[in-house]
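The values are calculated or read from the model by the stated rules, or taken from the named source; none is laboratory data. These numbers were taken from a predicted model, which means no experiment stands behind them. Calculation scope for accessible area: heavy atoms of the full protein, side chains included, ligands and nucleic acids excluded. Shrake-Rupley method; radii C 1.70, N 1.55, O 1.52, S 1.80 Å.
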Amino acid sequence: MRIFVSRQFFTFLLTGGAAAVVNFAARILYNRFVSFSEAVTLAYLTGMATAFILAKLFVFKNSRRSMFQSALLFTVVNVFSFAQTWIVSMTLAYHALPALGVHRFHKTIASFAGISLPVFTSFVAHKYISFKEVKNKDPRLSGT
C-alpha cells in the first residue's frame, strides 16, 4: 500500500482529477447531442486521451516503454476501467438512484461515481503495465 502514499500517486491523482474534470464536462456537453450512454462513452474517450498525455508528461516520466507501447497498453487498461465506469454509471442512473427516489441530478451523480471508481486499480495497472518504469537505484530520484 506504500505506492498510494507517494508523490507519484499524488501527481496521478492531480492529473487524473484534471482528466476526470474533462470527462465530466465533456459528458454534459456531449449529452446535448447524443444519448446519455453515448455521451458517457465519448466523454470517457476524451478524458482518456487527456489522462494519457498528462500521465506521460507528469506521472510516469521514467517509463521504459515507447510512446506506441504505452498508448496501446494504456488503452487496454482503460477498456477495463471504462467497463467499470459504464456499468456503475448506468446502474446508478437507471436503477439504483431512481429506486432510492433520487431523480434530480441522478445522471450527474451516476457519472461522477462511475468516473471515481477505477482510480486505484488504474494507477497500479498504469504503473506496472502501461508505463513500466526504469528502476532507479536511488529511491529519492524515482518520485515514489
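Full extension of the chain between TYR128 and LEU45 gives 27.7 nm of extra length, using 0.36 nm per residue less the Cα-Cα distance. Can you compute log10 of I(q)/I(0) for region 1-51 with the Debye formula, treating each Cα as one identical point scatterer, at q = 0.17, 0.21, 0.29, 0.32 Å⁻¹? Debye intensities relative to I(0), on a log10 scale: -0.53, -0.67, -0.94, -1.05. One way to sum up the overall shape of region 45-126 is the equivalent ellipsoid from its Cα gyration tensor, whose semi-axes run 31, 11, 9 Å, largest first. Computed over the alpha-carbon atoms, region 31-81 gives an Rg to Rh ratio of 1.09, Rh here being the Kirkwood radius from the mean inverse distance.
Rolling a 1.4 angstrom probe over the protein heavy atoms with all chains in place gives the chain an accessible area of 61 Å² per residue. Taking every DSSP helix (H) stretch of at least 4 residues in the chain, weighting each as -39,500 (n - 2.57) and dividing the sum by the residue count yields a mean residue ellipticity at 222 nm of -20000 deg cm²/dmol. The chain: D in µm²/s via Stokes-Einstein (Kirkwood Rh, Cα pairs, 25 °C, 0.890 mPa s)? Estimated diffusion coefficient is 154 µm²/s.
Measuring only protein heavy atoms, the 1.4 Å probe finds ILE115 accessible over about 30 Å². Membrane-span-like helices of the chain, defined as complete DSSP H segments with a Cα extent of 20 Å or more along the helix axis and a mean Kyte hydropathy of at least 0.0, are identified as 7-30, 36-54, 67-91. Expressed as a whole percentage, what fraction of the accessible surface of region 52-136 belongs to carbon and sulfur atoms when a 1.4 Å probe is rolled over the protein heavy atoms? Using a 1.4 Å probe with all protein chains present, region 52-136 comes out at 72 percent carbon and sulfur. Report relative contact order for region 1-137 in percent, whole number only (criteria: Cα-Cα under 8 Å, sequence separation at least 6). It comes to 28 percent, rounded to a whole number.
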